[in-house]
Structure formats: C-alpha cells, structure tokens
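As structure tokens, the structure follows; a few thoughts come after it.
The values are calculated or read from the model by the stated rules, or taken from the named source; none is laboratory data. Quantities reported herein were computed from a predicted structural model and do not represent experimental measurements. No Cβ is skipped: glycine too gets one built from the backbone with ideal geometry, and neighbour counts run over all protein chains shown. Just so you know, the surface numbers come from the protein's heavy atoms only, side chains and all, with ligands and any DNA or RNA stripped out. Shrake-Rupley method; radii C 1.70, N 1.55, O 1.52, S 1.80 Å.
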Amino acid sequence: MATIALLGALDTKGVEYGFVKQCIEARGHQTLVIDFGVLGPPRLDPDIPRQALAEAAGVNLPELVARQDRGEAMAAMARGAAALIPRLYQEGRFQAILALGGGGSTSVACSAMRRLPLGVPKVMVSTVAGTDVSGYVGGADIVMIPAIVDVAGINSISREVFSRAAGAVCGMVEAEVPPGEDRPLIVASMFGNTTPCIETAKVILEDAGYEVLVFHATGVGGRTMEHLISSGRIRGVLDITTTEWADELVGGVLRAGPERLEAAARSGVPAVIVPGCLDMVNFWAPETIPEKFQGRRFYRHNPNITLMRTTPEENRQLGLIFAQKLNQSRGPVAVLIPKQGFSMIDAPGGPFWWPEADQAFTDALRENLRPDIPLLEIDANINAPEFARLCAETLLGLMRQVQPTEPGP
C-alpha cells in the first residue's frame, strides 16, 4: 500500500478530488490531500491545509486573500507548493502525486512536481494538456493527461478521465522496476548531424564502464538533460550538440531556454563542451520561416525541418554566451573545437561550410573564456573518428580529476 498525494484547489475542485480520492482508496492505497485554494472554504477536508503552503511561501494567507489578486495568490501558492511538496516527499509522507485543474492549477501543481526526483510518479490531469506543455513540464517526468472537458464536476466524460487517471497513478506506484546493471551515468547530446561522433564516443565511454544516456537536442531534450544533471545522478557530461543555443539566440524552434549549459557548471560535474550544430538554426517547413530571414542560406533537412546557416556575427555572440556560461564552472571542463566543421553539412564542400563563421565563434570564446579552461582546436570535422575519440578520452580524464578510481568495463 502506498500513499498518493492529491494536490489541488479544494475551494473549487473539492468534488472532483473527492471522486479521485475514492478511486485511489478503492485500489487499496491511501491519499494525502493538500489544499492550495484561495477563493473560499475547502469543499473537501485536506490533510495539509492551504496555510501550510502559504507559510512555506513566506506569505500571510489572510492578507493574501484580502488583496483579491488571483494571479498573486497563485504565484504564492506555486512557491509554497514547490517548497513544501519535496519536503513532504523526503519525510516519506507520499510516494506518488496527482493533480487536476486548468491553467492556474496546472502551473501550481507542476511547479511542485518539477521539484520531485526523477521516477516519482507524477500525473497531471489538465485542460491545457494537448497543447505545448513544455513550460509546465520542463525537464521533469510529469505525465500530462488531457481533461477533455473542464474540471467542473463529475459527468459522463470526466468520470472516465478521472477514473483512468487514478488508475494510472496507482499502476505507476505499484510497478516494480526490475534490477539492472547500475553503471555510473554520463549524459550526451546528439542530433542527426552529429550522430557518428556520439556513436563513436559512446562505445569508448561504455567500454570504460559507464552508461551513456543520449538526449536529442530538440529543446525539450536539452532541458531534460540539464534537469538530470542537476539531480546529482550524473558523473560526466559529453555536450557535443549545443545547437539549442543557436535557436535561443536567433529565434529558432528548438530552444532549450537561457539556462542551457548551466547545470554542469553549477553542479561541478566534469564536462566536455563542443559547438555541435551551432552552424544551424532550426525551423519547421519553409513557409513557417519568418520573413525577416529572407535571403539567408537554408538547407531542407526533411519536409518538416528547414535549417538556416548561422552568420559570423551570430557565432561571435554565441562564443561570448558560451564563455559566460562556462566561466561559472565549479568543476573540470574543457572545450573542443572541430576546425573542419561543426556538423555533417558544415564540412569542406558541404552546404553549410563557412569557416569564417565557425572561426568567429572560436575567437569570441577564446577572448572571453577563463584562462584555466582548456580550449582545444582539432583539425577535423566533428564526426571524424579521431575527434570523437578525443572527446571521450578528454571526458574520462576530467572525471578522473574528480574520481581518481575509474570504473572498469
């Protein structure tokens, strides 16, 4: 038997939470009902009252309610939930969490769920599920279930959706993860245009006794990788494909946010950084590209993805940004530059080959990088086997600085 936290606004959603509570308890599990409502008295008695969340947020609840500013109140409850829910989990008060609601409730609940460790079952039944929920989920393993109808009573539709959601979270908490070989973890970033590099490096790292988790650098992939690095479970970072920063700077569609490249620096995790695919900005089909980019150099990657070549000026800005991020590093880090191109199509004779643009990145990075951070230029393309081997061997060396005894194969 497990305890499942039910986190919600019980002033408006008490009936719905009461229904879900019954569904969960019928499966033999317990519930921990937590209230963050601010509009009126709770319609379901909570185990953790809203005052506890307000105190965790450092606000006076009566004063907050008296101001009648729902936006301010939801922001405060989100802060309180993000502070209190992880503490309750660490105390063993619950093993899984479920929430229901619209945009405001989704924001509050997901702010708390994002603070829970990877693997803790997290289910959000939301009216915004089915849209772009990346702002709510971030890099966390939150399961989003579309509410279909508004969370406004129990009817023929919501009865089925809520019942299935309760069954889902119960099934998740009941599931047993089979034992496996637990090797120390390395994360790596990859794109189609850097796949040969990652595949070669991955074999070397695995032969050295590590498990390599590869993330596709599509925005959500970068955010998820950063989140996992921050969790404390990662021993090394092979950040070969940092293209998401090109999208972040120029306005492409695969942005990972302005905190990309910060997790390893803040955590002190050894990292090898490469400007993989910084030669490209990602857009959808050609007709979706903003008009301001007319006249730029494009490459049709597939019918739904169009790549735009970055310019020398954009690469100079990227070099400065990378220096600012890496200068925060608390652990060992090294930058490797492939002088024969940053991607498969940025190679001599390739459609994005523009050595002056690549060199603009390298020059700006070298001018602004901390002098104790190694910056190595290698006369090879990013996908050349010798470059991939050097990336892997450099990371192994950095990890030995932190953990002298390297795991065996």
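Candidates are the residues of segment 157-176 that are in contact (Cβ under 8 Å) with a residue 40 or more places away in the chain and open to solvent by 30 Å² or more (accessible area, probe 1.4 Å); the one that is nearest to Ile145 (Cα to Cα) is Ala168. Only one of the numbered conditions (1) open to solvent by less than 60 Å² (accessible area, probe 1.4 Å); (2) of a type in the set (A, V, I, L, M); (3) out of contact with any helix residue (DSSP H, G or I) (no Cβ under 7 Å at 6 or more places or on another chain); (4) farther than 26 Å from Arg400 by Cα is not met by Ala217, and that is (3).
This table checks each residue for (1) open to solvent by less than 30 Å² (accessible area, probe 1.4 Å); (2) over 16 Å from Leu249 (Cβ atoms); (3) among the small types (Gly, Ala, Ser); (4) under 25 Å from the mean Cα position of the chain (by Cα).
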| site | (1), (2), (3), (4) |
| --- | --- |
| Phe293 | yes, no, no, no |
| Tyr299 | no, yes, no, no |
| Asn302 | no, yes, no, no |
| Ile337 | yes, yes, no, no |
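Annotation: Trp284 fulfils all but one of (1) open to solvent by 20 Å² or more (accessible area, probe 1.4 Å); (2) touching a Lys or Arg at 6+ places or on another chain (Cβ under 7 Å); the unmet one is (2).
Contact map, segment 11-29: residues that are among the acidic types (Asp, Glu) paired with residues that are crowded, with 17+ Cβ neighbours inside 10 Å, Cβ distance under 6 Å, separation 6+ or inter-chain. Pairs shown: Asp11/Gly37; Asp11/Pro42; Glu16/Leu100; Glu16/Val151. Could you please let me know if Ile154 is more than 14 Å from the chain's Cα centre (by Cα), open to solvent by 20 Å² or more (accessible area, probe 1.4 Å) and at positive phi? Taking the combined requirement at face value, the residue does not satisfy it. Close contacts from segment 133-153, counting a first residue that is free of Cβ contacts under 8 Å to residues at least 24 places away in the same chain and a second that is surrounded by 14 or more Cβ atoms within 10 Å (Cβ to Cβ) and in a loop (DSSP other than H, G, I, E, B), with Cβ to Cβ under 6 Å and a gap of 6+ residues or different chains, come to Met144/Val133.
So is Leu118 open to solvent by 30 Å² or more (accessible area, probe 1.4 Å) and within 28 Å of the chain's Cα centre (by Cα) or not? The answer is yes for Leu118.
When the strands (runs of 3 or more DSSP E) confined to segment 1-102 are screened for residues that are surrounded by fewer than 20 Cβ atoms within 10 Å (Cβ to Cβ) and within 31 Å of the chain's Cα centre (by Cα), those reaching at least 1 such residues are found at 3-8, 30-35. Might you let me know whether segment 334-354 holds any residue that is hydrophobic (A, V, I, L, M, F, W, C), in a helix (DSSP H, G or I), at pLDDT 95 or above and out of contact with any His (no Cβ under 6 Å at 6 or more places or on another chain)? No - not one qualifying residue is present in segment 334-354.
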